[in-house]
1. If I go through the stretch 243-268 residue by residue, how many of them are under 18 Å from F103 (Cβ atoms), of a type in the set (A, V, I, L, M) and surrounded by fewer than 22 Cβ atoms within 10 Å (Cβ to Cβ)?
2. Here is a check on your reading of the model: is P163 crowded, with 24+ Cβ neighbours inside 10 Å and closer than 30 Å to I77 by Cα?
3. State all residues of the stretch 17-29 that are in contact with a helix residue (DSSP H, G or I) (Cβ under 8 Å, 6 or more places away or on another chain) and surrounded by fewer than 18 Cβ atoms within 10 Å (Cβ to Cβ); if no residue qualifies, say none.
4. Does D201 meet the test of being surrounded by fewer than 23 Cβ atoms within 10 Å (Cβ to Cβ), modelled with pLDDT under 95, acidic (D, E) and farther than 25 Å from P66 by Cα?
5. Determine, yes or no, whether D32 is more than 15 Å from I95 (Cα to Cα) and either loosely packed, with under 13 Cβ neighbours inside 10 Å or out of contact with any strand residue (DSSP E or B) (no Cβ under 8 Å at 6 or more places or on another chain) (or both).
6. Would you mind finding the one in S227, S293, S233, S257 that is closer than 15 Å to A199 by Cβ, part of a helix (DSSP H, G or I) and either free of Cβ contacts under 8 Å to residues at least 60 places away in the same chain or in contact with an Asp or Glu (Cβ under 9 Å, 6 or more places away or on another chain) (or both)?
7. Strands (runs of 3 or more DSSP E) wholly in the stretch 28-141 with at least 1 residues that are touching a Cys at 6+ places or on another chain (Cβ under 7 Å) - which ones?
Amino acid sequence: MRDAFSKALVDLAKADPNVLLLTGDHGYALFDEFRRVCPKQYINAGIAEQNMVGMAAGLARTGFRPIVYGLSAFIPIRVLEQIKLDVAHDNLPVIFIGDGAGFVYSHLGTSHQSTEDIACSRAIADLQVYSPADEFEMTFCMHAAYRVRAPVYLRVGKSDRAPVHAQALNCSLGQLLSLKLGERGGVTFIATGSLVRCALDIAGTTFPGASVWSAPFIKPIDEAQISAICRDSQTVVTLEEHSIYGGLGSLVAEVTSATAPVRLLRIGVKDRFSMHCGSYDYLLKEHGLDRMSIEKKLTSFLSPNSSALCE
C-alpha cells in the first residue's frame, strides 16, 4: 500500500506543479522517487509538525496543493489545533497523511501508536477522513483527496496485508464497497483499514455465510447505504484498528440508532493503552484484534445465551 501511495504522490506532482510534499523529517526511502522526479516540490520541514501545518496553510492560500506527511501519532494528533484553525476553518485544500496508524510502530510504544486519530479528526468540521485497506483503495483515496479541493486526513495502516480488491476501483466518495455478499439476514462485517483483510478471511472460512463491506471513507460516508446494509442483516460487526470510541463502530452505531436498529458488535481497541511493547502481531493479540480473538468474540456474541444488543 505504501508503494501505491508513493506512486500516486508522484503522479499527482508530475501532473500539477503546484502539488508540494511537506514532511516532518520522516519517510526518506518512501520519497526517493518523488525527490528524484520532483525535487523542487519537496520540503522537509523538520521535526516541527505544528509549524509545518502552518506552512501548508499559507502555501494553500497562495494556490499550492500541499500534501503533509507524518506518523499518525503526530499527524493529526500532535497538530489538531493547527489543522482545525489554520486549515479546516477556512476550508483549505490540504491533504494530511498519517502513516503507521494503529499499532504499526509497535516497538516504539504508546507515543508512536495511534488508535484515536479517526475520533479526533472526524470531529473537526469540514475535515474529510479516509481509511484505505489496500493499494487499490489507497490509489483511489489519494486521487479523490486531490479532486475534492478540501481538507482531508488520509489514514495509512499496516501496508503488507494482502489486497482486498482485484482491480482499480470505480466508486463514489463516501461509498462502502461490497467485497462479499453472504446470506441475507445473517452476519455482516463492516471493516476499515488493516482489518478488512481479516474480515474477508473470517468470512471465507469460519463464517462462510457472512457479508463483507469495506469502508475506505469515514467522512463523508453514505449513511443511507449503512442503513440499508443493516436492515438486511441480523448482526453487524465493525472491525477497526482504532479505539471503539469515535471510530467506525461509533459511526455505524450513530447511524443505526436513528434509522435501522440492529445487533451491533464493535470490535476495536478498548479504553486502555498497550501494556507491553512487542511486534505488530503481538499487539493485535494483546488488544484482541487478531483473527482468533475476533472469531471468539463473534461466536460468543452470536451464542443463544447472549442477550447483548450492542457491544
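The values are calculated or read from the model by the stated rules, or taken from the named source; none is laboratory data. This one's a predicted model, so the numbers in the text were calculated from it and none came from an experiment. Note: ideal-geometry Cβ built from the backbone for every residue, glycine included; neighbour counts use all protein chains shown.
1. 1
2. no
3. Taking the stretch 17-29 and keeping what is in contact with a helix residue (DSSP H, G or I) (Cβ under 8 Å, 6 or more places away or on another chain), we get 17, 19-24.
Correct list: P17 only.
4. no
5. Taking the combined requirement at face value, the residue satisfies it.
6. Details: S227 fails: closer than 15 Å to A199 by Cβ; S233 fails: part of a helix (DSSP H, G or I); S257 fails: closer than 15 Å to A199 by Cβ.
It is S293.
7. 128-130
Conditions tested, residue by residue: (1) of a type in the set (D, E, K, R); (2) within 17 Å of the chain's Cα centre (by Cα).
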{"position": "K84", "(1), (2)": "yes, no"}
{"position": "T139", "(1), (2)": "no, yes"}
{"position": "R149", "(1), (2)": "yes, no"}
{"position": "D160", "(1), (2)": "yes, yes"}
